[in-house]
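Heads up: the structure comes next, in structure tokens.
The values are calculated or read from the model by the stated rules, or taken from the named source; none is laboratory data. In this text, all values refer to a predicted model and were calculated from it rather than measured experimentally. In this analysis, Cβ positions are derived from the backbone assuming ideal geometry, glycine residues included, and neighbour counts consider all displayed protein chains. Just so you know, the surface numbers come from the protein's heavy atoms only, side chains and all, with ligands and any DNA or RNA stripped out. Shrake-Rupley method; radii C 1.70, N 1.55, O 1.52, S 1.80 Å.
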Amino acid sequence: MSASVTLAPLREAAARIDRQTPAHRDRAIDGLRALALLAVPTGHWLLGGFTLDSDGGLHNASPLSAFGGLAPASWVLQMLGIFFLVGGYASALSFRRRTGTTGAWLKGRIVRLGRPVLGVTAVWALAAPLLYAAGVPEASLRTGATLVVQPLWFVGVYVVVTALTPYCVRAARRLGGWAAAPLLGCVAVVDFLRYGPFADSVPSWLAVVNILPGWLFAYQLGVSWGERRIGRRGAWLLLAGGALLFAALLAVFHYPASMVGVPGAARTNSHPPSLLVLALASAQSGAAILLRDRLAKLLARPALWAPVVVINLSAMTILCWHQTAMLAAAVPGSFLGELAGLTTAPDSLGWIAARLAWMPVFAVLLVALARHTRRFEVAPREGRRASALRRTVAGLLAAGFAVFALGLA
């Protein structure tokens, strides 16, 4: 069978998706969102390794501990700035088009985010006891629970910044792109207090202050972009200013080079976000705005546009289940002993090569999981009483799993 015959169904599906796409759909925004989404599992799969204890239990390990030279990879894979930028842009447009109250608008967006989170945590709450009964060590289950919960912090932060959309819109209309400047200043002040000459007298909890302004920064830029208050000139300023600040923080102020946490490191840029995260988000945002038209032209091709649509329709599924896909390979693999790139310590170049070979396996497992779990992204068609009962049960299961994952039980 020729390649053209084999690929014919895929071309037909791509053409059908292209025809069904509304003319007003902003393909560049969806493309940026898809790119940021794919960076999440890619980063976690590439930079998240395991070790085995004497009982066969899995424990988290990172190749960044042994290979500091991999840190620049995190500059590319850390694309949450793009995700928040696109989120702010989309929220600004959606808020402008709303037909009901602000409360109804916000409720609809929160429900779409919350349902998949309840789904994955409830499923894990049911699966964990069964896995333990089947012989999976408790250490592996706790490691797995930690990995599943790890990316879900993003949803909580995103809900909060989404709730602030009306205020972000007002700020954007009044100050344009400069509405994000006070957020940058706030993070800079907290970083100065944490790492400057007064660091010894500053309480450790002060770092928590950076969480909201740190992630709201790119979201506010997105809202200002959606309100048409950032043009090419502002985009060049974001790109150049962010790049210069990023270089200065690394070279002069000695910020850690990795954008993600490194086990055993005294400082981290990600939890909570440091000024380096905002500098990267600024540069990424400027580049995204400048490349928007070019990206839109590329995505006018059905073959490129179709996968973007699929990824966007499965956004929360990818976010919630990609760690489970990796664990679906690692947990069975742990019973076989040390498998290169999967259950061996990530401390050699051979591990990196082997992990790259495992990543297509993780991707296939994620696709298989998505076929059954994407239903959590779609509103169920059932009676109000049944829906309320399902949410209550899922909420209780999710709470129990959270207690286990956080080490409280």
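What to note about this one:
- Total residues in the stretch 307-341, condition of a type in the set (D, E, K, R) and open to solvent by less than 10 Å² (accessible area, probe 1.4 Å): 0
- Among the criteria (1) hydrophobic (A, V, I, L, M, F, W, C); (2) open to solvent by less than 60 Å² (accessible area, probe 1.4 Å); (3) at pLDDT below 95, the one Leu396 does not fulfil is (2).
- Residue pairs whose Cβ atoms lie under 8 Å apart, separated by 6 or more positions or on different chains, with the first residue in the stretch 100-116 and closer than 18 Å to Ala388 by Cα and among the hydrophobic types (A, V, I, L, M, F, W, C) and the second open to solvent by less than 30 Å² (accessible area, probe 1.4 Å) and modelled with pLDDT under 90, are Leu113/Val155.
- Scan of the stretch 141-199 for residues that are of a type in the set (S, T, N, Q) and over 24 Å from Gly103 (Cα atoms), ordered by number: Thr143, Thr146, Gln150
- Qualifying residues in the stretch 355-380 (those that are part of a helix (DSSP H, G or I) and of a type in the set (Gly, Ala, Ser)) - the one most open to solvent (accessible area, probe 1.4 Å): Ala357
- Unique residue being over 26 Å from Val277 (Cα atoms) and among the hydrophobic types (A, V, I, L, M, F, W, C) when the list is Leu77, Leu106: Leu106
- Boolean, Phe362 is more than 28 Å from Ala14 (Cα to Cα) and of a type in the set (A, V, I, L, M, F, W, C): no
- Just so you know, in the stretch 32-60 the residues that are under 20 Å from the mean Cα position of the chain (by Cα) and not in a helix (DSSP H, G or I) include one that is modelled with the lowest pLDDT, and it is Gly48.
- The condition of being closer than 19 Å to Gly88 by Cα and open to solvent by 30 Å² or more (accessible area, probe 1.4 Å) holds for only one of Ile211, Ile289, Ile230, that being Ile211.
- Qualifying residue in the stretch 273-295 (condition: over 24 Å from Ile29 (Cβ atoms), without any contact (Cβ under 8 Å) to a residue 60 or more places away in the chain and small (Gly, Ala, Ser)): no
- Some residue of the stretch 48-63 being farther than 22 Å from Arg355 by Cβ, in contact (Cβ under 8 Å) with a residue 24 or more places away in the chain, among the acidic types (Asp, Glu) and surrounded by 17 or more Cβ atoms within 10 Å (Cβ to Cβ): no
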